[in-house]
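K.L.:
I have a structure here, written as structure tokens, and I will follow up with some questions on it.
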Amino acid sequence: MGKLKKIFYKVKEDAEEDATQSNTNTESQEKHNDEQEETVEKRTSGNMEKGTRKLENKEEELSALKREVEEKEKEIGKINEEKGDVLEENKVLKIEKASLNSRVKQLESIVMELIEKFESPIARPGDDNDSILPPPPPSFPPPKSKAPHDKPTDSKHSKNTKS
């Protein structure tokens, strides 16, 4: 029986070694897995940080663009308001122009009537000046002619003569 015990112990030791080796392999596999997980976590965390920074930058850009759009919309509103004022002023000016054109036509008509009235040698019936004749042109005396005797020619007519 001693031999059997030896074999038993030998098998038992081998089984224990296998179990220990198995545990060691499992532990080393777990350690390797843990290291891989850490590496993945580090990469993921690094990528997440980069992604987060990129996202924050994009959000800042978006916010700046939104502010710019709001400012441009305000400018457009002011321009549209000014445009409305200019269009309204333009309407008023067109009305004033039409009124002035009408007044000019009236005045031209009056001027033409007056020109016809005063150029006409005979007053026409129905005119306001039926009884009034235009006054005769003014008469002026003829201008004096300058004869050669009016000019001083010798020293006796001269005041500055020294004797």
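K.L.:
Modelled with pLDDT under 95 and surrounded by 10 or more Cβ atoms within 10 Å (Cβ to Cβ), is that true of Glu96?
P.N.:
Against the criterion (modelled with pLDDT under 95 and surrounded by 10 or more Cβ atoms within 10 Å (Cβ to Cβ)), Glu96 does not qualify.
K.L.:
Quick one: would you say Ser120 is of a type in the set (Gly, Ala, Ser), out of contact with any helix residue (DSSP H, G or I) (no Cβ under 6 Å at 6 or more places or on another chain) and at pLDDT 95 or above?
P.N.:
Criteria not met by Ser120.
The values are calculated or read from the model by the stated rules, or taken from the named source; none is laboratory data. These numbers were taken from a predicted model, which means no experiment stands behind them. Glycine gets a Cβ as well: all are built from the backbone with ideal geometry, and neighbour counts include every protein chain shown.
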